[in-house]
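The values are calculated or read from the model by the stated rules, or taken from the named source; none is laboratory data. All values derive from a computational prediction rather than experimental measurement. Cβ atoms come from the backbone with ideal geometry, glycine included; neighbour counts cover every protein chain shown.
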Amino acid sequence: MKSITTTLLATATAALLAGTAFAQETTLRIQTHYGPETLSGKNAAMFVDDIQTMSNGEIKVEMFYSSSVVKSVETFDAAATGILDCDMTGGAYQTGKNPAFQFVGDIMGGYDTPYQQLSWLLLGGGMEAAQKLYNAYDMQLIGWWVVGQEALSSTKPIASPADFKDWKFRSPPGMETKIFEKLGASPIVMDFTEVFTALETKIIDGADASILANNKGMGLYDIAKHATYPGFHSMPSDHLACNKAKWDAMPAHHRRIMEVAMEKLGLRQAMGGDKANAEAAAELKAAGVNIYDWSPADRAAFRKAAQQTWPEFATTPEAKALVEAHMGYLKTLGLVAE
């Protein structure tokens, strides 16, 4: 009996040692532009904890917040060239490489909710269409996390498209400037960090900065007493994209863990944005800020102007393919401007 027990113990020990010896490890250096104290930063930390825990420590992550290694716009290239392993910013930073990144970064005038936008990626053939673009730059798209529609802030009423006439506002560069010009506004491209001072000194009448909760946190509504909510004009998609060679070399179960964790992150990010915005809207109304919920007809007018602008930026085969993919899915959802 003793020899049998000894044999069994020896076999179990050998199996355990063999498993330990052949355990595969993945070490990832990931950068995000979000600070660790923000909603998005906290959700990014949740993602890191999830993949490390679900892999039983086989996946190890060194996370860099607030673009502490390279500038936000340089994160994608840093991952593609091996300085980092993964980029957790957004595709919109890469429109200079290919305008197709506009249609994976900020599909203006497209989807109404983060859930619709995520469903295009996961259920509407979007991942396949977008993956061709990312692979062309030696990157692999793992997934999206979408916080929700951004809100406009203004020192003047913005209750309908008619209020955009001669409205000077901070705009990010790219397609947005063309869309708002068609609606009579005067977009002024400036850095995100300059918004508060520009409002305070009346250089601009308003701003496209972020979601309602973030705008409130920046103090914009201490100056600008008018806001659109729920938002409708812009809903950036943040992404997780990794160096393709690094991704391909990872064990299949590590890749699956990251894909599943990204879907959780996408859901938590959308729900967190909904909750934070609702709380901010209630507090702002109580403080006397005017909140404008545009009518379906007015939202349709913006969507029409936006979708008419898409072809102007779809100047490469990749961009045209993504626009076609979006339009097909938007028709399914009944969101194509007539």
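Some points to look at:
- Listed by first and then second residue, the pairs linking a residue in region 47-58 that is surrounded by 12 or more Cβ atoms within 10 Å (Cβ to Cβ) to a residue that is among the hydrophobic types (A, V, I, L, M, F, W, C) and in a loop (DSSP other than H, G, I, E, B), with Cβ atoms under 9 Å apart and 6 or more places separating them unless they lie on different chains, are Glu58/Ala23.
Matching residues to (1) part of a helix (DSSP H, G or I); (2) at pLDDT below 95; (3) among the small types (Gly, Ala, Ser); (4) out of contact with any Ser or Thr (no Cβ under 8 Å at 6 or more places or on another chain):
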position	(1), (2), (3), (4)
Gly272	yes, no, yes, yes
Trp294	no, no, no, no
Ala297	yes, yes, yes, yes
Thr332	yes, yes, no, yes
Glu338	no, yes, no, yes
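- Entirely in region 159-253, the strands (runs of 3 or more DSSP E) that have 1 or more residues that are of a type in the set (Phe, Trp, Tyr): 168-171
- So His254, is it over 29 Å from Tyr134 (Cα atoms), touching a strand residue (DSSP E or B) at 6+ places or on another chain (Cβ under 7 Å) and not aromatic (Phe, Trp, Tyr): no
- Some residue of region 90-111 being over 20 Å from Ala319 (Cβ atoms) and in contact with a helix residue (DSSP H, G or I) (Cβ under 8 Å, 6 or more places away or on another chain): no
Here is a yes/no grid of residues against (1) at pLDDT 95 or above; (2) out of contact with any helix residue (DSSP H, G or I) (no Cβ under 9 Å at 6 or more places or on another chain); (3) on the phi < 0 side of the Ramachandran plot:
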position: Gly174; (1), (2), (3): no, no, no
position: Thr197; (1), (2), (3): no, yes, yes
position: Lys202; (1), (2), (3): yes, yes, no
position: Ser210; (1), (2), (3): no, no, yes
position: Ala213; (1), (2), (3): no, no, yes
position: Ser237; (1), (2), (3): yes, no, yes
position: Asn243; (1), (2), (3): yes, no, yes
position: Lys246; (1), (2), (3): yes, no, yes
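Let's see how each residue does on (1) exposed (fewer than 15 other Cβ atoms within 10 Å of the Cβ); (2) touching a Leu at 6+ places or on another chain (Cβ under 9 Å); (3) without any contact (Cβ under 8 Å) to a residue 40 or more places away in the chain; (4) farther than 21 Å from Asp112 by Cα:
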residue: Asp238; (1), (2), (3), (4): no, no, no, no
residue: Arg256; (1), (2), (3), (4): yes, no, yes, yes
residue: Asp298; (1), (2), (3), (4): no, no, no, no
residue: Gln307; (1), (2), (3), (4): no, yes, no, no
residue: Glu318; (1), (2), (3), (4): no, yes, no, yes
residue: Ala325; (1), (2), (3), (4): no, no, no, no
residue: Lys331; (1), (2), (3), (4): yes, no, yes, no
residue: Gly334; (1), (2), (3), (4): yes, no, yes, no
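- Some residue of region 189-200 being crowded, with 22+ Cβ neighbours inside 10 Å, out of contact with any Phe, Trp or Tyr (no Cβ under 9 Å at 6 or more places or on another chain) and hydroxyl-bearing (Ser, Thr, Tyr): no
- One residue stands out among those in region 268-288 that are free of Cβ contacts under 8 Å to residues at least 24 places away in the same chain and either buried (at least 23 other Cβ atoms within 10 Å of the Cβ) or within 22 Å of the chain's Cα centre (by Cα) (or both): the one that is farthest from Asp77 (Cα to Cα), which is Ala278.
- Residues that are within 14 Å of the chain's Cα centre (by Cα) number at least 3 in the following helices (runs of 4 or more DSSP H) confined to region 89-149: 102-105, 114-123.
- Take the conditions (1) at pLDDT below 95; (2) more than 21 Å from Asp208 (Cα to Cα); Leu322 misses just one of them, which is (1).
- Residues (assigned to a helix (DSSP H, G or I), in contact with a helix residue (DSSP H, G or I) (Cβ under 9 Å, 6 or more places away or on another chain) and among the aliphatic types (A, V, I, L, M)) located in region 299-330: Ala301, Ala305, Ala306, Ala319, Ala321, Leu322, Val323, Ala325, Met327, Leu330
- Test set (1) farther than 30 Å from Gly57 by Cβ; (2) surrounded by fewer than 14 Cβ atoms within 10 Å (Cβ to Cβ) - Ala252 fails condition number: (1)
- Within region 59-74, residues that are in a strand (DSSP E or B) and basic (Lys, Arg) reach partners that are at pLDDT 95 or above and surrounded by fewer than 14 Cβ atoms within 10 Å (Cβ to Cβ) with beta carbons closer than 8 Å, at six or more positions or on different chains, in the pairs Lys60/Glu25; Lys60/Thr27.
- Count - residues of region 94-128 that are hydrophobic (A, V, I, L, M, F, W, C) and surrounded by fewer than 21 Cβ atoms within 10 Å (Cβ to Cβ): 3
- Answer from Gly184, Gly206 - the residue that is under 30 Å from Thr315 (Cβ atoms) and either among the acidic types (Asp, Glu) or in contact (Cβ under 8 Å) with a residue 24 or more places away in the chain (or both): Gly206
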